[in-house]
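A.B. asks: Okay, here's the structure, questions in a sec.
The values are calculated or read from the model by the stated rules, or taken from the named source; none is laboratory data. Since the model is a prediction, treat every value here as computed from it, not as a measurement. Cβ: placed from backbone, ideal geometry, glycine included. Neighbour counts: every protein chain shown. Accessible surface is based on the protein model in full, side chains and every heavy atom, while ligands, DNA and RNA are left aside. Shrake-Rupley method; radii C 1.70, N 1.55, O 1.52, S 1.80 Å.
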Amino acid sequence: MNNPQIPQYRLPEGGRIDRSRPLSFSFNGRAYVGYQGDTLASALLANGVHLIARSFKYHRPRGIMSAGSEEPCAMVTMRQGSRIEPNIRATQIELYEGLVANSQNCWPSVNFDLQAIINKVSRFLPSGFYYKTFKWPKFLWMSYEKVIRHAAGMGKVATLPDPDHYDHMHAYCDVLVVGGGPAGLMAAKSAAASGARVMLADEQAEFGGTLCGRAEKISNKPAMDWVARVRDELAARPDVTLLPRTVVASYYDHNMLVLNQRTGEHLPTAEGFTPRQRIWKVWAKQVVLATGAIERPLVFGNNDLPGVMLTGAVQTYISQYGVLAGKNAVIFTNNDSAYDAAAHMHDNGIKIAAIIDNRKQTSPAAQKLSDRGILIFNNHVVYQAVGSKHVRGVNISPLNENGDKLSGGNIKIDCDLLCMSGGWTPSVHLFSQARGKLRWHETLTTFIPEKSFQQERSAGSCKGVWGLSDCLKGGAKAGAEAAKAAGFTKTRALKTPAASNHDMGDIRALWRVPQPPRSQTKRFIDFQDDVATSDIELAAREGYRSVELTKRYTTLGMGTDQGKTSNINGLAVLSEELGKHIPEVGLTTFRPPYTAQTLGAISGPERGGHFAPTRRSPVHDWHVSTGASFMPAGLWMRPAYYQQPGETMWDAIYRETKHVRSHVGLVDVSSLGKIDLQGKDSAEFLNRCYINGFAKLPVGKCRYGVMLRDDGMVFDDGTVSRLAENHFMMTTTTAKAGPVLQYLEYLLDVVWPELDVHVVSATEQWCAIAVAGPKSRELLSRITDIDMSNEAFEFMGVRQGNICDVPGRIYRISFSGELAYEIGVPSDWGLHVWESLMTAGKDLKVSPYGLEAMSILRIEKGHIVGAELNGRTTADDLGFAAMISTRKPFMGQRSLRKPALLEGERKQLVGLISLDGKTPIPRGAQIVVNPDGPTPVAMLGEVTSNCYSPHVENHIGLAIVKRGRQRIDEILWATSPLTKQRVRVKLCSPHFIDPQGERLRG
Amino acid sequence: MLIKCPWCGDRSLAEFSYQGDATIIRPSDPLSLSDNQWNEYLNLRNNPKGWHDEIWQHLNGCRKHFKARRNVVTHEIADTKPMDGSLQGGRS
Ligand SMILES: [Zn+2]
């Protein structure tokens, strides 16, 4: 940057900006120059740019109203491409080299917005307009919505993946101080002096709060010198964490607060290890809230014109940024704070055309300004601002005796800046989120904290304390109290330096500035949502009494600014309309977060592959190397099928299926849950958990078991092997591995603590490989010292021995219906054993098969999985009635006598076969007698599993059908209105292959 | 929220799993109960405003179950004890 011109609204000196570091930036495609230390808002004002945006509903021109996070008007879209981000407050964007920002909510440009025509017809757009107009006819809502969404745009979001990264931190401290203004700094200093671990967070880049933007003195020196000294002292303490650019967004139970630190937003891009934003979750023993106060707008005609600003903000632009927001100002106030501001502005060369004060008497603060020769109109109001895209002047008028009507005698005053001050609202958002109780303060005309609920206290202007000296003292006291409550009992409040102590004088509430008769000029309350007095008046006329309902009906306070500048004004107008006292109407609830949070920050690093852990079997790398296609099963990645060159997906699946039935296949079943049980009562415990008996299961045998919930529904199924007298291994389905373990732990801790049983998950310790097919015995006999003969190793037997020179277990169980075994070896040996099996079985044509083939094999055999174990099926529904023991108590037993479980209409598991031999059975289809019958068509049941069966050479399925077992051989319809598929099906036994189990035992 | 596991101390809520009403004891002989009595045990729970005695599991920690006295209005936790301990405080 060479030789930048100093823009005409920039003071030649002063402010917290660095004039030696000019920064170029672009707004709406035009190049401008600002300085290091500027915000986008201050840099635009310095360049005389006031028109920033178009409003949400009426597309009215909007400018910059404030200098902080309360800004309701100056919303822009930041950055470009994958980093584009809408609805960012220009007042909170720190300028950086090359910044690109654009107006939003306007087309073709902010200066000439075609939709501004809406403003001309705005009296046809009252509150509830959309509800009233577009609710009928219903079928058109979809098309209305598209048009409305376009018209009421709030900028555009990025459609590309976010290239930046975001961080999450967890922290613990004794005292968290929220707000780094005079009260917060003093609180942090006092708390830290005691040795407490202190965190101090402030949403601005620089500590100091209001002091950054005022000409205040502390100890007779510029206040910012004091701020710098305190900040350096705190920074030097090892137990103090300073967090600038950090908004404390949310206050949750047990003093847990969530902070958002803008670590990289002030940089062109956050590079290297710097995240763009960081979320802090802080558990604080004690909290000091020093969140300050927000100035209220006054509610007069056209109060939304660019150039109409909050008085304190104009001061901030002078002191912090060296920027004049205008050169010829009118100030409109109902309190004394504006007079300090007026003097400040006047000292810096802004001409004060007049000060309009609705109060009847000239206050002492006003007198000082009057002595400078500044014109003051008491008992007057600005009833309208004049101008089209920027304020050009004001219309003022005296008030009548009651102050509720204009008494005639208009005066027009020219100006290019209109400052307004309607009093100050303490920022009680966090106090209220923490469920503290508020109290209405009549003379301050606002709510202030009354009673804390959590471990927190307020200090400074968020408590309704205005004078600087009082804020410093209050901060020192609050910091000491907090440290004391956190266990640092000897803490004392530190002495505070000398400072001014101006208050606001007497406020004369003025919630709506009266208008001339028949005036249609809008007086805005909520600038972000375009809610004017007329909207609230209408809501009251239509019968709205509750503040919460009025808020939703009119959208008052529902923007991203959460009504920081509009809450009290809106509430007061509603109260006046209802003829009630403000506290009777009540305040709307403050909800987290204090300012809008980006989704990127909330998700933090937990996105993409980091969203959840990926579980891989010990054989995973082999599957990858052979080109397996994977499918997720919960968190597990499981091979779905192994496609060979020239094969389609279905070719591969059917080849694998047939290969198991004719040769031998390997499938990786490591994801099945495995629970190890030990202890002398293990057999008794299993007996109580399953519907069938386990007490007499011999060592070296395994048994299939069904487990119920206590309400009688099937919870899970699996096998249990007895490895030793008091040592068992249980398997569960993949999905229920966690829940079953938790259920067993509950029973042992809560229901039967007297049982001596220990349970632990062994899923990840064991690699499990199923070897299935007629050649499986031959294959295994080659790699183990266990006697694999049918006589020595019977169906449902379990043996321990060496497998490929590794100690392991073999279970003779089958999921496919074929002669099959399951091998278990310690995970670290899983890959070795798998590869050894592939080598040893080469001549047997051993081949891997995936989840898809396994699923077909189990449907052919009629084995159930999660689709059938859906929490609504009983053991009898699924055909396990014969397994239910009558000789012992077990979980869920009593519920089997519930009338609903005994009635004859229950749905039962059956098999389905496609009647024409070629039409597939749609997934999830309904079983009906006649799909074309009168609606509603009676639904007899639903398809739970479906596939093409190479063994049956037809489409088959499993279904849960009302009285299904009595309907075998009936012909019904499986129909899916969703996919518009239907097929005639014949009901049959769910065992499509080897119903007698001869293959298993052969 | 922080919950104090009797074995591990104060830990984040995210580590715990709520496991039901600690005042409900599973009947030792369910078959002797009428349908109504069984229904009462299985399905019916009181939901008083204020203090509840609850069972929690330190799921992502030591996995033990324990009892907690928690105020469902304020989320305050007055006491936690092992399953065989008796909860103190909280009630007023
Ligand atoms: Zn624990």
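A.B. asks: With an 8 Å Cα cut-off and a minimum separation of 6 or more residues, compute the relative contact order for region A:897-1001 in percent.
C.D. replies: 35 percent
A.B. asks: Another question about this same structure. Starting from the Kirkwood Rh over alpha-carbon pairs, what translational D in µm² s⁻¹ does region A:433-517 have by Stokes-Einstein at 4 °C and 1.567 mPa s? Before the final figure, lay out the partial values.
C.D. replies: Numbers: Rh = 15.2 Å.
This corresponds to a translational diffusion coefficient of 85 µm²/s.
A.B. asks: Of the beta bridges DSSP finds with both residues in region A:522-677, what % are antiparallel, to the nearest 5? Provide the component values of the computation, followed by the final result.
C.D. replies: Values: 8 of 9 bridges.
Looking only at bridges with both residues in region A:522-677, the antiparallel portion is about 90 percent.
A.B. asks: For chain A, what is the convex hull volume of the alpha-carbon atoms per residue, in Å³?
C.D. replies: 231 Å³
A.B. asks: Connecting C-alpha atoms closer than 10 Å in a GNM of chain B, tell me which of B:60, B:36, B:46 has the biggest fluctuation.
C.D. replies: Highest fluctuation of the listed residues: B:36.
A.B. asks: Sticking with this structure for a sec: I need the Debye-formula profile for region A:248-354: one equal scatterer per C-alpha, no solvent, reported as log10 I(q)/I(0) at q = 0.16, 0.20 1/Å, two decimals.
C.D. replies: Cα-only, vacuum Debye calculation for region A:248-354: -0.88, -0.98.
A.B. asks: Counting only other chains, what is the mean number of Cβ atoms within 10 angstrom of the Cβ of each residue in peptide A:740-752?
C.D. replies: Numbers: counts 0, 1, 6, 0, 0, 6, 6, 1, 1, 10, 12, 3, 2.
The shielding value for this peptide is 4.
A.B. asks: Something else now. Quick one: the Cα spread of region A:385-457 along its three principal axes, in angstroms, biggest first?
C.D. replies: 53, 33, 14 Å, listed from the longest principal axis down.
A.B. asks: Given chain A, what percent of its DSSP beta bridges are antiparallel, to the nearest 5? Walk me through the intermediate numbers first.
C.D. replies: Numbers: 135 of 182 bridges.
Approximately 75 percent, going by the DSSP bridge assignments.
A.B. asks: While we're here: Apply 1/(1 + (r/R0)^6) to the Cβ-Cβ distance of residue A:760 and residue A:233, taking R0 = 45 Å, and write down the FRET efficiency to the nearest 0.05.
C.D. replies: Efficiency for this residue pair is about 0.25.
A.B. asks: Looking only at other chains, what is the average number of their beta-carbon atoms within 10 angstrom of each beta-carbon in A:892-902?
C.D. replies: Mean partner shielding for this stretch: 3.
A.B. asks: Per Stokes-Einstein, at 4 °C and 1.567 mPa s, what whole-number D in µm² s⁻¹ belongs to region A:576-691, with the Kirkwood radius over Cα pairs as the hydrodynamic radius?
C.D. replies: 62 µm²/s
A.B. asks: Dividing the convex hull volume of the Cα atoms of chain B by its residue count, what figure in Å³ per residue is obtained?
C.D. replies: On the way: hull volume 10.4 nm³, N = 92.
Dividing the Cα hull volume of chain B by its residue count gives 113 Å³.
A.B. asks: Just from its helices, what would the mean residue ellipticity at 222 nm be for chain A, if runs of 4 or more DSSP H residues each count -39500 (n - 2.57) and the sum is divided by every residue, rounded to the nearest 500 deg cm²/dmol? Walk me through the numbers on the way to the answer.
C.D. replies: Values: 25 runs with 217 residues, N = 1002.
Calculated from helices alone, the mean residue ellipticity at 222 nm is -6000 deg cm²/dmol.
A.B. asks: Where does the Debye-calculated log10 I(q)/I(0) of region A:297-422 sit at q = 0.17, 0.19, 0.21 Å⁻¹, using only Cα point scatterers of equal weight, no solvent?
C.D. replies: Ignoring solvent entirely, the Cα scatterers give -0.78, -0.99, -1.21.
A.B. asks: Could you tell me what % of all Cα pairs in region A:444-585 have separations over 28 Å?
C.D. replies: Considering region A:444-585, 39 percent of its Cα-Cα pairs are separated by more than 28 Å.
A.B. asks: Students often check this: by mean Cβ neighbours within 10 Å, which of A:569-579, A:545-555 ranks highest, and how do the rest follow?
C.D. replies: A:569-579, A:545-555
A.B. asks: Would you give the gap between the C-alpha center of region A:368-395 and the C-alpha center of region A:581-605, rounded to a whole Å?
C.D. replies: 35 Å
A.B. asks: Separation between the residue A:897 and residue A:97 pseudo-spin-labels, each 7 Å from Cα along Cα→Cβ, expressed in nm?
C.D. replies: If labels sit at residue A:897 and residue A:97, their model points lie 8.4 nm apart.
A.B. asks: While we're on this one: Please give the total accessible area that chains A and B bury against each other, computed with a 1.4 Å probe and expressed in Å² to the nearest 100.
C.D. replies: Details: alone 42700 and 6250 Å², together 46760 Å².
When A and B are taken together, about 2200 Å² of accessible area is lost.
A.B. asks: Between the chain alone and the structure with every protein chain in place, find the residues of region B:55-74 that drop at least 10 Å² of accessible area; heavy atoms, 1.4 Å probe.
C.D. replies: B:55, B:57, B:59, B:63, B:64, B:65, B:73, B:74
A.B. asks: What is the gain in length, in nm to one decimal, between residue A:495 and residue A:157 on full extension, counting 0.36 nm per residue of separation less the C-alpha to C-alpha distance?
C.D. replies: 116.7 nm
A.B. asks: Let me ask something else. Counting only C-alpha contacts under 8 Å and six or more residues apart, can you give the relative contact order of chain A as a whole percent?
C.D. replies: Taking the mean separation of contacting Cα pairs over the length of chain A, I get 9 percent.
A.B. asks: Ranked highest first by average number of other Cβ atoms within 10 Å, how do A:46-53, A:315-322 line up? Spell out each step's value before the answer.
C.D. replies: Values: A:46-53: 23.1, A:315-322: 26.0.
Answer by packing, highest mean first, reads A:315-322, A:46-53.
A.B. asks: Given an 8 Å cut-off on Cα distances and at least 6 residues of separation, report the relative contact order of region A:589-724 as a percent.
C.D. replies: 12 percent
A.B. asks: Can you check what the net charge comes to around residue A:343, using other residues whose Cβ is under 9 Å from the Cβ of residue A:343 (Lys, Arg +1; Asp, Glu -1)?
C.D. replies: Neighbour charge sum, excluding residue A:343 itself: 0.
A.B. asks: How big is region A:897-1001 in terms of Cα radius of gyration and Dmax, in angstroms?
C.D. replies: 14.4, 50
A.B. asks: Next up: Just the projected area, averaged over all directions, of the convex hull on the alpha carbon atoms of region A:569-618: how many nm²?
C.D. replies: Seen from a random direction, the Cα hull of region A:569-618 projects 6.3 nm² on average.
A.B. asks: For region A:672-762, what is the convex hull volume of the alpha-carbon atoms per residue, in Å³? Write down the numbers at each step before the final one.
C.D. replies: On the way: hull volume 7.3 nm³, N = 91.
In region A:672-762, the Cα convex hull volume per residue is 80 Å³.
A.B. asks: With both partners inside region A:297-422, how many of the DSSP beta bridges are antiparallel, as a percent to the nearest 5?
C.D. replies: 40 percent
A.B. asks: If one computes the Cα centroid of region A:517-580 and of region A:79-110, what distance in Å separates the two points?
C.D. replies: 29 Å
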